[in-house]
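To start, the structure itself, in structure tokens.
The values are calculated or read from the model by the stated rules, or taken from the named source; none is laboratory data. From a predicted model like this one, the values you see are computed outputs, not experimental measurements. Cβ sites come from the backbone with ideal geometry, for glycine too, and all protein chains shown count toward neighbours.
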Amino acid sequence: MTADALLVSLSLILFAVEGLMPPLWLPPGAKFGLANVVTVAALYLLREVDALIILSARIFLAGMLAGVPSMILFSFGGGLLSLAAMILLKRAEKFSVVGVSAAGGFFHNLGQICAASVVMGSEKFFLYLPALGTCGIVVGVLNGLLAKAVIRRLKKFL
């Protein structure tokens with residue numbers, strides 16, 4: 001429980017820090033998702049349920065702290081689909097941390113587009129999937145590289 005609380009706190013800090021950074025090369029609506037490094041690391045260092053708890057707590061608290069409760073719905077849509085995909089790929093034991101994270105980046109964006117389509121009642125959001133999906137894969141690879149380094153360093157403590 002203590003590890004979960006610390007990782008939720010760390011992911012919220014990363015979320016806040018990212019909010020202060022200007023989007024340099026990302027398409028509108030896309031983010032680097034630094035907090036997802038924590039989720040990927042938790043998936044490999046702790047139990048799957050811990051990764052789910054950390055992800056869910058971060059999404060809820062970030063939405064409330066940012067003052068944008070509607071963000072919670074879209075983030076849960078992306079986060080839960082992303083985590084489900086990452087769990088399945090990790091269990092397959094054929095993908096690296098970086099590959100699992102890259103898939104997670106894509107599925108996060110797919111989940112957000114699905115949530116937006118349902119809420120807004122329009123399938124037009126899927127037209128944005130090529131740009132957002134590609135960005136999710138690239139960012140997922142970068143986050144996966146960071147998570148891999150974190151996992152390597154923290155494994156000796158857990």
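Taking (1) part of a helix (DSSP H, G or I); (2) touching a residue at least 60 places away in the same chain (Cβ under 8 Å) in turn, Phe32 satisfies each apart from (1). Within the range 39-54, the set of residues being without any contact (Cβ under 8 Å) to a residue 40 or more places away in the chain and aliphatic (A, V, I, L, M) comprises Ala42, Val49, Ala51, Leu52.
So, of the residues in the range 1-29 that are surrounded by fewer than 13 Cβ atoms within 10 Å (Cβ to Cβ) and in a loop (DSSP other than H, G, I, E, B), which turns out to be farthest from the chain's Cα centre (by Cα)? Among them, the one singled out is Met1.
Of the residues contained in the range 112-128, none is found to be over 14 Å from Thr39 (Cα atoms), small (Gly, Ala, Ser), modelled with pLDDT of 95 or more and not in a helix (DSSP H, G or I).
Yes/no matrix, rows are residues, columns are (1) among the polar types (S, T, N, Q); (2) touching a Lys or Arg at 6+ places or on another chain (Cβ under 8 Å); (3) closer than 23 Å to Glu18 by Cα:
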position	(1), (2), (3)
Leu43	no, yes, yes
Met86	no, no, yes
Lys94	no, no, no
Gln112	yes, no, yes
Glu123	no, no, no
Leu129	no, no, yes
Gly133	no, no, yes
Asn143	yes, no, yes
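Considering only the range 98-109, I want to know if a residue exists there that is in contact with a Phe, Trp or Tyr (Cβ under 7 Å, 6 or more places away or on another chain), without any contact (Cβ under 8 Å) to a residue 60 or more places away in the chain and within 21 Å of Leu10 (Cα to Cα). No, that holds for no residue. For Gly104, the requirement of being at pLDDT 95 or above, assigned to a helix (DSSP H, G or I), of a type in the set (Gly, Ala, Ser) and touching a helix residue (DSSP H, G or I) at 6+ places or on another chain (Cβ under 9 Å) is met. Note on the range 77-134: residues that are surrounded by fewer than 18 Cβ atoms within 10 Å (Cβ to Cβ), closer than 17 Å to Arg47 by Cα and of a type in the set (A, V, I, L, M, F, W, C) total 4.
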